[in-house]
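Engineer: Structure in structure tokens, see below.
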Amino acid sequence: MYAAFKHIHLLTVALSLGLFTLRGIWMLLDSDKLQKRWVKIVPHIIDTLLLVSAIGLMFQIHQYPFADGWLTAKLLGLIAYIVLGTIALKRGKTKGTRVIALVAAFAVIAYIVGVAIRHNALSWLA
Ligand code: HEM
């Protein structure tokens, strides 16, 4: 069961980051592809599966946010990624704001991957 959740988690992480990068490029190019119906729906399905697999993994390894610091950091990181992603792709009023939010979202992702691998809220610095 652990292996299945881990595979789904890593697959959905890759899909989520891949789609986010693609949408970020479309935002930079002012492409109307961002408005396509599937582009608005599919990321929600992937991100839901990412969260479900994360919850599955938590129960497998008996470590949880607000009890284990690195998982608190991951959860807060995920929330920051979602908020920054929404500003970058939708809510940002000027292109400058959207670009800054996009760069910040990628920095947060780099932080989360470091937290995941090091099992430490200090991420790559641990
Ligand atoms: C964009 C968000 C996320 C990314 C990029 C991400 C990335 C990763 C990666 C790369 C691993 C594999 C680490 C390894 O094999 O050493 C992993 C494992 C894991 N992740 Fe995530 N994750 C994300 C969100 C979350 C969230 C929100 C939670 C829960 C709060 C979570 C919980 C876990 C757990 C419990 C494991 C298993 C660790 C282990 O087996 O020792 N992840 N994640």
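Engineer: Using just the helices of the chain, give the 222 nm mean residue ellipticity in deg cm²/dmol: DSSP H runs with n ≥ 4 each add -39,500 (n - 2.57), and the total is spread over all residues, rounded to 500.
Structural biologist: Computed ellipticity for the chain at 222 nm equals -26000 deg cm²/dmol.
Engineer: Compute the whole-percent fraction of alpha carbon pairs in segment 1-62 spaced more than 15 Å apart.
Structural biologist: Looking at segment 1-62, the distances longer than 15 Å represent 54 percent of pairs.
Engineer: Moving on. Where in segment 92-126 does the amide nitrogen come within less than 15 Å of the point 7 Å from the Cα of VAL83, taken along Cα to Cβ?
Structural biologist: Flagged as within label range: 92, 101-102, 104-106, 108-109.
Engineer: Calculate, in nm to one decimal, what VAL113 and ALA126 gain on full extension: separation in residues at 0.36 nm each, minus their alpha carbon distance.
Structural biologist: Gain on extension, VAL113 to ALA126, equals 3.4 nm.
Engineer: Another question, then. Taking Cα pairs under 8 Å and at least six residues apart, what relative contact order does segment 65-126 come out at, in percent?
Structural biologist: 35
Engineer: Would you mind getting me the FRET efficiency between VAL99 and THR48? Use the beta-carbon distance for r and R0 = 30 Å, nearest 0.05.
Structural biologist: So the FRET efficiency works out to roughly 0.65.
Engineer: When ligands, DNA and RNA are left out and all protein chains stay put, how many square angstrom of accessible area per residue does the chain have with a 1.4 Å probe?
Structural biologist: Roughly 61 Å² per residue, with all protein chains present.
Engineer: Here's another thing I want to ask about it. What is the helix-to-structure angle for 95-118, meaning the angle in degrees between its Cα long axis and the longest Cα principal axis of the chain, kept from 0 to 90 and rounded to the nearest 10?
Structural biologist: 20
Engineer: Straight distance only, please: which aspartates and glutamates reach the Cα of LYS95 with their own Cα at less than 12 Å, same-chain residues fewer than 8 apart left out?
Structural biologist: Answer for LYS95, where 12 Å is the Cα cut-off: ASP30, listed by chain and number.
Engineer: Quick one: if you stick a label point 7 Å off each Cα along the C-beta vector at THR72 and LEU19, how many nm between them?
Structural biologist: Computed distance between label sites THR72 and LEU19 equals 3.1 nm.
Engineer: Let me ask something else about it. Which ³J(HN,Hα) values in Hz, rounded to whole numbers, follow from the phi angles of segment 10-24 under the Karplus curve 6.51 cos²θ - 1.76 cosθ + 1.60, where θ = phi - 60° and Gly and Pro get x?
Structural biologist: Running phi through 6.51 cos²θ - 1.76 cosθ + 1.60 with θ = phi - 60° gives 5, 5, 5, 4, 4, 5, 4, 5, x, 5, 5, 4, 4, 5, x Hz.
The values are calculated or read from the model by the stated rules, or taken from the named source; none is laboratory data. Quick caveat, the model's predicted, so the values are computed rather than measured. All Cβ positions, glycine included, derive from the backbone under ideal geometry; neighbour counts span all protein chains shown. Areas reflect the complete protein model, heavy atoms only, side chains present, ligands, DNA and RNA absent. Shrake-Rupley method; radii C 1.70, N 1.55, O 1.52, S 1.80 Å.
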